């Protein structure tokens with residue numbers, strides 16, 4: 001979902017998302033399931049080290065973003081804040 005589906009949706013004219021790149025979606029989702037900077041909690045590469053519960057939570061967040069039920073702007077701001085970038 002983060003590699004193809006979300007970036008494709010982000011490029012649609014009617015979509016007003018703060019990110020468009022796959023790695024940004026991955027950062028946001030992984031940070032959300034980790035409660036902080038993901039690589040402080042999950043070994044790299046993340047896709048090989050996620051628990052079943054973490055993977056399910058990541059999929060649920062992606063589905064919520066797609067459905068418009070998750071605030072991608074807020075998730076992005078929180079992720080950036082955890083990284084000391086202030087969030088936009």
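Taking the condition under 11 Å from the mean Cα position of the chain (by Cα), free of Cβ contacts under 8 Å to residues at least 60 places away in the same chain, surrounded by 15 or more Cβ atoms within 10 Å (Cβ to Cβ) and in a loop (DSSP other than H, G, I, E, B), does residue 29 pass? Taking the combined requirement at face value, the residue does not satisfy it. In summary, residue 35 fulfils each of the numbered conditions (1) crowded, with 18+ Cβ neighbours inside 10 Å; (2) at positive phi with the single exception of condition (1).
Within segment 65-88, the set of residues being touching a helix residue (DSSP H, G or I) at 6+ places or on another chain (Cβ under 9 Å), more than 18 Å from residue 22 (Cβ to Cβ) and not in a loop (DSSP other than H, G, I, E, B) comprises 78, 82. Contact annotation: no residue pair with Cβ atoms under 9 Å, 6 or more positions apart or on different chains, pairs a residue in segment 40-52 that is on the phi > 0 side of the Ramachandran plot and part of a loop (DSSP other than H, G, I, E, B) with a partner that is at pLDDT 95 or above and surrounded by 12 or more Cβ atoms within 10 Å (Cβ to Cβ).
The set of residues in segment 1-24 being touching a residue at least 40 places away in the same chain (Cβ under 8 Å), assigned to a helix (DSSP H, G or I), over 14 Å from residue 83 (Cβ atoms) and under 10 Å from the mean Cα position of the chain (by Cα) consists of 6 alone.
The values are calculated or read from the model by the stated rules, or taken from the named source; none is laboratory data. Computed from a predicted structure; not experimentally measured. Methodologically, a virtual Cβ is constructed for each residue, glycine included, from the backbone with ideal geometry; neighbour enumeration extends over all protein chains shown.
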